[in-house]
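What follows is a single structure, written as structure tokens, with notes after it.
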Amino acid sequence: MATRKRSRRTGHRKSSGAQPLRGLPGHAAKRRSAAPSAPFEQWRAILSRALCAREPEQEVLAAVQSAMEHLDATLAANIPPKPLDCERGCHFCCHTHVSVTPLETFAMLDYMDACMEPADRDAAVSRILALCEDIRGKGHREIYEMRRVTACAFLREEGCQNYPARPIICRSWHCVNRTYCQMALTGDDSDAVIENFPARLDYGEQMQRGMLCALEEQGIESGLVISTKALGKMLRTGDWRRAFRAWLSGDHVFSR
Ligand code: SF4
Ligand code: SF4
């Protein structure tokens, strides 16, 4: 999941600033000087405000983008005790279908429309719909086991085509030795242990949980969905923005 591209998206809220990560050594002084802010509560509050806006569509998309930038800044500011092995061109971990919130699904669709070249977008849509056929009717485990033949629809030779809008798990996932990642993908043991730092993953998960909680509190369909399935479902509506508005109004567009 490690590639580097610059976002062409403009007009987002300023990121809310990097936070220290609990569980990584060497950051005690920073933790004392920074205003403590639990990511769950912080992102629950930010998303709640966006959902209550007069025109929530843009506010919600801006809040999600802000969350992504905040997570990137927080991870970059908290240097792990062992160097990570993630770098451009390494993408064993992209041979999967990640779990995302509905929010991240709409953020990816927005990015595809606003920032991808039309031909790239159309090709990505075709791959998403084809993958949806491949995994139709299958559960999480079966889909996971298929990943050698079904990489993420956004994975291209040059890296992630969706990099500026990639989901939270793609930002927080990491490893100290890519051999583990390669073994998990191509070796006999698809459950090979990937050595990483749980604090980094936990921070993104808490942000996600806070935002999912805000959705639940507002009576909006919440929970995690498989990215490929969710994207395909919204694309098949023919007008994902209409589905987005219906979802914000309480319609269960992902589970119906
Ligand atoms: S080292 Fe592993 S987690 Fe990191 S980018 Fe490569 S495959 Fe992904
Ligand atoms: S969106 Fe897909 S290709 Fe991009 S980083 Fe995530 S898994 Fe990899």
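Using C-alpha pairs below 8 Å separated by at least 6 residues, the relative contact order for the chain is 31 percent. Span-like helix check, the chain: qualifying full DSSP H segments, with Cα axial length of 15 Å or more and mean Kyte-Doolittle of -0.5 or more, are 39-51, 56-77, 102-115, 118-135.
Result for the chain in a Gaussian network model with C-alpha springs under 10 Å: among Ser190, Ser227, Ser99, the largest mean-square fluctuation is at Ser190.
Taken along the Cα-to-beta-carbon direction at a fixed 7 Å, the label points for Glu87 and Val149 span 3.3 nm. Residues whose amide H lies under 5 Å from that of Phe154, counting only those 5 or more places away or on a different chain, are absent; hydrogens are built 1.01 Å from N in the peptide plane. Qualifying trypsin sites (Lys or Arg not before Pro) in the stretch 103-138, where qualification requires a DSSP coil assignment and no more than 16 other C-beta atoms within 10 Å, comprise Arg136, Lys138.
Can you give the local net charge around Arg241? Use residues other than it whose beta-carbon is closer than 11 angstrom to its beta-carbon, Lys and Arg +1, Asp and Glu -1. Summing Lys and Arg as +1 and Asp and Glu as -1 gives -2. Most tightly packed first, judged by the mean number of other beta-carbon atoms within 10 Å of their residues, the peptides 196-207, 232-243, 159-170 read 159-170, 196-207, 232-243. For an R0 of 30 angstrom, estimate the FRET efficiency from the Cβ-Cβ distance between Asp191 and Arg256 and round to the nearest 0.05. The value I calculate is 0.35.
Using helices alone, I'd like the mean residue ellipticity at 222 nm for the chain: each DSSP H run of four-plus residues gives -39500 (n - 2.57), total over residue count, nearest 500. Numbers along the way, then the final one.
Details: 11 runs with 132 residues, N = 256.
Result for the chain: -16000 deg cm²/dmol, rounded to the nearest 500.
If only the Cβ of Lys and Arg carry +1 and only the Cβ of Asp and Glu carry -1, the dipole of the stretch 37-248 around its Cα centre is close to 260 debye. Gain on full extension, evaluated as 0.36 nm per residue between Thr237 and Asp122 minus their Cα-Cα distance, stands at 39.9 nm.
Read the figures in this text as sums done on the coordinates, not as results from a lab. Please read these numbers as outputs of a predicted model, since none were measured by experiment. Quick reminder, even Gly has a Cβ in these numbers, built from the backbone with ideal geometry, and neighbours come from all protein chains shown.
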